[in-house]
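Below is the structure I would like to discuss, written out as structure tokens.
The values are calculated or read from the model by the stated rules, or taken from the named source; none is laboratory data. Bear in mind the structure is a predicted one, so any value in this text is a computation, not a measurement. Note that we place each Cβ from the backbone using ideal geometry, even for glycine, and neighbour counts take in every protein chain shown.
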Amino acid sequence: MEQSKTALVVGASGVIGKNLLAYLQLLPEWKVIGTSRKPLPGNVDTIVVDLLDASDVAAKFAGLGDVTHVFYTAYQDKPTWAELVAPNMAMFRNVVETVEKASTKLEHISFMQGYKVYGAHLGPFRTPAREDDPPIMLPEFMTEQQRYIAAAQQGKAWSWSAIRPSVVGGFAPGNPLNLISLIAVYASICKELNVPFRFPGKPGAYHPLMEITDADLLAKATVWAATNAACANQAFNISNGDLFRWEELWPKLGRYFGLETAPPVQLPLAEVMRDKAPVWDTLRERHELQYGYEALSAWPFGDFVFSWDYDFLADGSKARRLGFHEYVDTEQMFYKIFDQLRANKVIP
């Protein structure tokens, strides 16, 4: 089949971008280009670029005259919510403005959001959250990105879509901001130290309803929204389609690793896991593992996710009404990704 579409996947080394790029490469009608600050592994056309440097973006993207779809998944972390705005807005603006100038074939710009647009990171929020819920008080970079793109699109032939996953689970070795690999490393260290697999979060976080988004499902939903006219200039909540509570799922994850569980105890992972690199080094040498400790475990991220002592879910019916009906069993998703991590010598 002729490659009639050209995708630019911005931020292709993260868990979302990596899985999105891999999915697009399976579709014969797509030519795929990835961007990253470092060369991407495998057979991928890569543009190595600093998205914060407008001149670098302009120089590297000048030849992208055939790009029809931009899939923006880039993100730069900062210590506070307010500090996230400037770099993440600058990167997004640099990409949008440069690609729009470079390509007369541009049809669509897709970008990632999340439940932060509902204030989920700040505390209890209205659930299930819906795409038309009112925005929270700024500064919040995802909301500002949407306001920017909506204004930039006025009068243009191209359209946009905002994709709002829950916490994303996927196979992306070497990316520490990945809840599933974090849990796998935590479990592996528990087993090595012969201690039970305790839920380490806040006491109230063990019981609320939760949901998660499989990275493969997210990739399919992202491409679906970007290629359907009925989805133009809208936001979509995307999750696996089922709900869970850690109190029900956690013992099952423990059994996967051959571990007994014990009652939860709030463990600040950023502190208690700080000295565990030597344990991991022992495991790495014994099992010939591919990655060092720092590449797999952003423990403050774990503390953040395991602090949600309130329901964390959104209404995904809008996407279903418009035709996206994919579903992933969350428990089986965990096992699938654990299996991939083992098969690729990421965990023992």
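Among the candidates A221, A225, A235, single out the residue that is in contact with a Lys or Arg (Cβ under 8 Å, 6 or more places away or on another chain), small (G, A, S) and touching a residue at least 60 places away in the same chain (Cβ under 8 Å). Spell out the reasoning first.
On the way: A221 fails: in contact with a Lys or Arg (Cβ under 8 Å, 6 or more places away or on another chain); A225 fails: in contact with a Lys or Arg (Cβ under 8 Å, 6 or more places away or on another chain).
Sole residue among the options that is in contact with a Lys or Arg (Cβ under 8 Å, 6 or more places away or on another chain), small (G, A, S) and touching a residue at least 60 places away in the same chain (Cβ under 8 Å): A235.
Show me the helices (runs of 4 or more DSSP H) found entirely inside the range 1-109 where at least 3 residues are in the same structural domain as E144 (by TED's automatic domain parsing) and among the β-branched types (V, I, T).
In the range 1-109, 81-102 are the helices (runs of 4 or more DSSP H) which contain 3 or more residues that are in the same structural domain as E144 (by TED's automatic domain parsing) and among the β-branched types (V, I, T).
Just to verify a result, which residue in the range 320-341, among those that are of a type in the set (S, T, Y) and assigned to a helix (DSSP H, G or I), is surrounded by the fewest Cβ atoms within 10 Å (Cβ to Cβ)?
Of the range 320-341, the ones of a type in the set (S, T, Y) are 327, 330, 335.
Remaining after also requiring assigned to a helix (DSSP H, G or I): 330, 335.
On the way: T330: 19, Y335: 13.
The extreme case among them is Y335.
Shifting gears a bit: Quick check on the range 290-297. Is at least one of its residues at pLDDT below 95 and under 30 Å from A129 (Cβ atoms)?
yes
Another question, if that's okay. Within the group A151, A157, which residue is surrounded by fewer than 17 Cβ atoms within 10 Å (Cβ to Cβ), part of a loop (DSSP other than H, G, I, E, B), of a type in the set (A, V, I, L, M, F, W, C) and modelled with pLDDT of 95 or more? Walk me through how you get there before you give the answer.
Details: A151 fails: part of a loop (DSSP other than H, G, I, E, B).
The conditions single out A157.
Of the residues Q340, Q266, Q234, which single one is among the polar types (S, T, N, Q) and in contact with an Asp or Glu (Cβ under 8 Å, 6 or more places away or on another chain)?
Values: Q340 fails: in contact with an Asp or Glu (Cβ under 8 Å, 6 or more places away or on another chain); Q266 fails: in contact with an Asp or Glu (Cβ under 8 Å, 6 or more places away or on another chain).
So the residue among Q340, Q266, Q234 that is among the polar types (S, T, N, Q) and in contact with an Asp or Glu (Cβ under 8 Å, 6 or more places away or on another chain) is Q234.
Moving to a separate point now. When residues of the range 1-31 are filtered for being basic (K, R) and over 22 Å from the mean Cα position of the chain (by Cα), how many remain?
The first filter runs over the range 1-31 and keeps only residues basic (K, R), leaving 5, 18, 31.
With over 22 Å from the mean Cα position of the chain (by Cα) added as a condition, the list becomes 5, 31.
So the answer is 2.
Further question: Can you tell me which residue within the range 118-148, out of those that are part of a loop (DSSP other than H, G, I, E, B) and among the aliphatic types (A, V, I, L, M), is modelled with the highest pLDDT?
In this case the residue turns out to be A120.
Within the range 298-348, can you find the residues that are over 22 Å from L249 (Cβ atoms), touching a helix residue (DSSP H, G or I) at 6+ places or on another chain (Cβ under 9 Å) and among the basic types (K, R)?
Hit for the range 298-348 is K345, nothing else.
In the range 45-57, what residues are surrounded by 15 or more Cβ atoms within 10 Å (Cβ to Cβ) and touching a helix residue (DSSP H, G or I) at 6+ places or on another chain (Cβ under 7 Å)?
I47, V49, L51, L52, A54, V57
Just give me the residues in the range 59-88 being of a type in the set (A, V, I, L, M) and farther than 30 Å from S4 by Cα, in sequence order.
Filtering the range 59-88 down to residues of a type in the set (A, V, I, L, M) leaves 59, 62, 64, 67, 70, 74, 82, 84-86.
Across the range 59-88, the qualifying residues are A82, L84, V85, A86.
Further question: Restricting to the range 60-82, name every residue that is surrounded by fewer than 17 Cβ atoms within 10 Å (Cβ to Cβ), touching a residue at least 40 places away in the same chain (Cβ under 8 Å) and not aromatic (F, W, Y).
From the range 60-82, those surrounded by fewer than 17 Cβ atoms within 10 Å (Cβ to Cβ) are 62-63, 65-66, 76-82; that's our starting set.
Still in the list and also touching a residue at least 40 places away in the same chain (Cβ under 8 Å): 62, 65-66, 77, 81-82.
Answer for the range 60-82, where residues must be surrounded by fewer than 17 Cβ atoms within 10 Å (Cβ to Cβ), touching a residue at least 40 places away in the same chain (Cβ under 8 Å) and not aromatic (F, W, Y): A62, G65, D66, D77, A82.
Please specify each residue of the range 55-90 satisfying the condition of being of a type outside the set (F, W, Y), under 22 Å from P176 (Cα atoms) and over 17 Å from the mean Cα position of the chain (by Cα).
We begin by selecting, within the range 55-90, every residue of a type outside the set (F, W, Y); these are 55-60, 62-70, 73-74, 76-80, 82-90.
Checking which are under 22 Å from P176 (Cα atoms) leaves us with 73-74, 76-80, 83-85, 87-88.
Of everything in the range 55-90, those that are of a type outside the set (F, W, Y), under 22 Å from P176 (Cα atoms) and over 17 Å from the mean Cα position of the chain (by Cα) turn out to be P79, T80, E83, V85, P87.
Related question: If I ask for residues that are touching a Ser or Thr at 6+ places or on another chain (Cβ under 9 Å) and under 23 Å from Q290 (Cβ atoms), which ones from the range 190-213 would you list?
Scanning the range 190-213 gives a single hit, E192.
Just give me the residues in the range 58-86 being out of contact with any helix residue (DSSP H, G or I) (no Cβ under 7 Å at 6 or more places or on another chain) and β-branched (V, I, T), in sequence order.
Matches in the range 58-86: T68, T80.
Which residue is surrounded by the most Cβ atoms within 10 Å (Cβ to Cβ), if the candidates are limited to the range 295-319 and must be among the polar types (S, T, N, Q) and assigned to a loop (DSSP other than H, G, I, E, B)? If you could, list the steps in order and put the result at the bottom.
As a first pass, look at the range 295-319 and keep what is among the polar types (S, T, N, Q): 297, 307, 317.
Okay, now just the ones that are also assigned to a loop (DSSP other than H, G, I, E, B), so 297, 307.
Values: S297: 23, S307: 15.
Once the filter is applied, the top-ranked residue is S297.
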